[in-house]
Each structure stands twice: as C-alpha cells, then as structure tokens.
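Working notes, beginning with the structure itself.
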Amino acid sequence: MVFAYMVAAWGGALLTVSALWSYGAVIAIAAAPFGGSTLAAFVAVLLYILRSPRSPTPERVSAGSRQGWSHAHR
C-alpha cells in the first residue's frame with residue numbers, strides 16, 4: 001500500500017513538472033508537490049473504493065430472496 005502511494009506521488013510530481021515545464025522550471029518544480037499529493041490522494045480513494053466490501057442493495061436482496069423462494073418451491 002505504501003509503495004503504491006509513493007509511486008503515485010512521484011508519478012504525479014513528474015507529470016506536473018512535465019506539464020508545467022513550458023511555464024518555467026521554477027513554477028514546474030514549485031507545483032510538483034501539489035501534483036504528487038493530488039495523485040496520491042486519488043490513488044488512496046481509488047484503492048479504498050476497490051478494496052471496500054460491497055454490500056448488496058435492497059433491490060438485489062429482495063429480488064434474490066424471491067428468486068430463491070420460487071426455485072425452492074417449484
């Protein structure tokens with residue numbers, strides 16, 4: 001997990017520097033921490049969403065229980 005955040009932060013910093021390099025080296029390097037932090041935060045939220053357990057919605061639970069009941073009593 002920590003490795004993913006580290007890679008995301010470095011990648012975001014490098015993307016920011018490369019995108020802003022035409023505005024000058026000082027601006028690009030000064031903005032690098034913000035781009036790195038933004039991408040690391042995005043990766044953290046994405047990993048949280050992907051790893052969180054999915055609870056079934058009420059529609060799926062009720063439909064599944066009705067289907068199970070109808071199959072059991074045929």
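If we scan the stretch 53-60, do we find a residue that is surrounded by 12 or more Cβ atoms within 10 Å (Cβ to Cβ) and modelled with pLDDT under 95?
Applying the first criterion (surrounded by 12 or more Cβ atoms within 10 Å (Cβ to Cβ)) to the stretch 53-60 yields none.
No, the conditions are met nowhere in the stretch 53-60.
Could you give me the residue pairs with C-beta distances under 6 Å whose first residue belongs to the stretch 15-36 and is free of Cβ contacts under 8 Å to residues at least 40 places away in the same chain, whose second residue is in a helix (DSSP H, G or I) and among the hydroxyl-bearing types (Ser, Thr, Tyr) wherever it lies, and which are 6+ apart or on separate chains?
Here the result reads Ala31/Thr16; Ala32/Thr16; Gly35/Thr16, each pair linking the stretch 15-36 to a residue that is in a helix (DSSP H, G or I) and among the hydroxyl-bearing types (Ser, Thr, Tyr).
Does Leu50 fit the bill of being of a type outside the set (Val, Ile, Thr), surrounded by 12 or more Cβ atoms within 10 Å (Cβ to Cβ) and without any contact (Cβ under 8 Å) to a residue 12 or more places away in the chain?
On the way: of a type outside the set (Val, Ile, Thr): yes; surrounded by 12 or more Cβ atoms within 10 Å (Cβ to Cβ): no; without any contact (Cβ under 8 Å) to a residue 12 or more places away in the chain: yes.
Answer is no for this residue.
Any chance you could count how many residues in the stretch 20-43 are over 19 Å from the mean Cα position of the chain (by Cα), surrounded by 12 or more Cβ atoms within 10 Å (Cβ to Cβ) and of a type in the set (Phe, Trp, Tyr)?
1
For the stretch 1-19, what are the residues that are in a helix (DSSP H, G or I) and surrounded by fewer than 18 Cβ atoms within 10 Å (Cβ to Cβ)?
Those that are in a helix (DSSP H, G or I) and surrounded by fewer than 18 Cβ atoms within 10 Å (Cβ to Cβ): Val2, Phe3, Ala4, Tyr5, Met6, Val7, Trp10, Gly11, Leu14, Leu15, Ser18, Ala19.
The values are calculated or read from the model by the stated rules, or taken from the named source; none is laboratory data. These figures come from a predicted structure and were not determined experimentally. Because the Cβ atoms are built from the backbone with ideal geometry, glycine has one as well, and the counts that use them run over all protein chains shown.
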